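To start, the structure under review is shown below, and the notes come after it.
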Amino acid sequence: MKKSTEDRKATASPKDESSPVSFEQSLESLEGIVRELERGQLSLEDSLKQFAQATNHLRFCYSALENAQRRVALLKDVKSDGEPVLQDVEDLRFVKTYPNGTS
């Protein structure tokens, strides 16, 4: 069975589609790249390569967060016996927002 583009994005590593990476590992790599770029010690070519890797990590992290958001259930109410009533996030309508504040 072939994976859809969405499935590949959610499970593929930012560096190599054949080796999955966790959200935490990808975020840590992204933070390291940012620190390295901020130091300003890389050549232009190396800076561009690092920037491209950072972009891949950022896409991977956003994809992982979007997938996690879809799986989260929200507390909708509490029954009289104390049992929580949950509503899937998928049942709600969200406006997609980006880091720069646009929708």
Selection from region 30-50 of residues that are out of contact with any helix residue (DSSP H, G or I) (no Cβ under 7 Å at 6 or more places or on another chain) and not hydroxyl-bearing (Ser, Thr, Tyr): Glu31, Gly32, Arg35, Glu38, Arg39, Gly40, Gln41, Leu44, Glu45, Asp46, Leu48, Lys49
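Taking Phe51, is it touching a Pro at 6+ places or on another chain (Cβ under 6 Å) and modelled with pLDDT of 75 or more? Walk me through it before giving the result.
On the way: touching a Pro at 6+ places or on another chain (Cβ under 6 Å): no; modelled with pLDDT of 75 or more: yes.
No.
Determine whether Thr97 is modelled with pLDDT under 65 and surrounded by 12 or more Cβ atoms within 10 Å (Cβ to Cβ).
Working: modelled with pLDDT under 65: yes; surrounded by 12 or more Cβ atoms within 10 Å (Cβ to Cβ): no.
The answer is no for Thr97.
The values are calculated or read from the model by the stated rules, or taken from the named source; none is laboratory data. If you're wondering where the values come from, they're calculated on a predicted model, not measured in any experiment. Quick reminder, even Gly has a Cβ in these numbers, built from the backbone with ideal geometry, and neighbours come from all protein chains shown.
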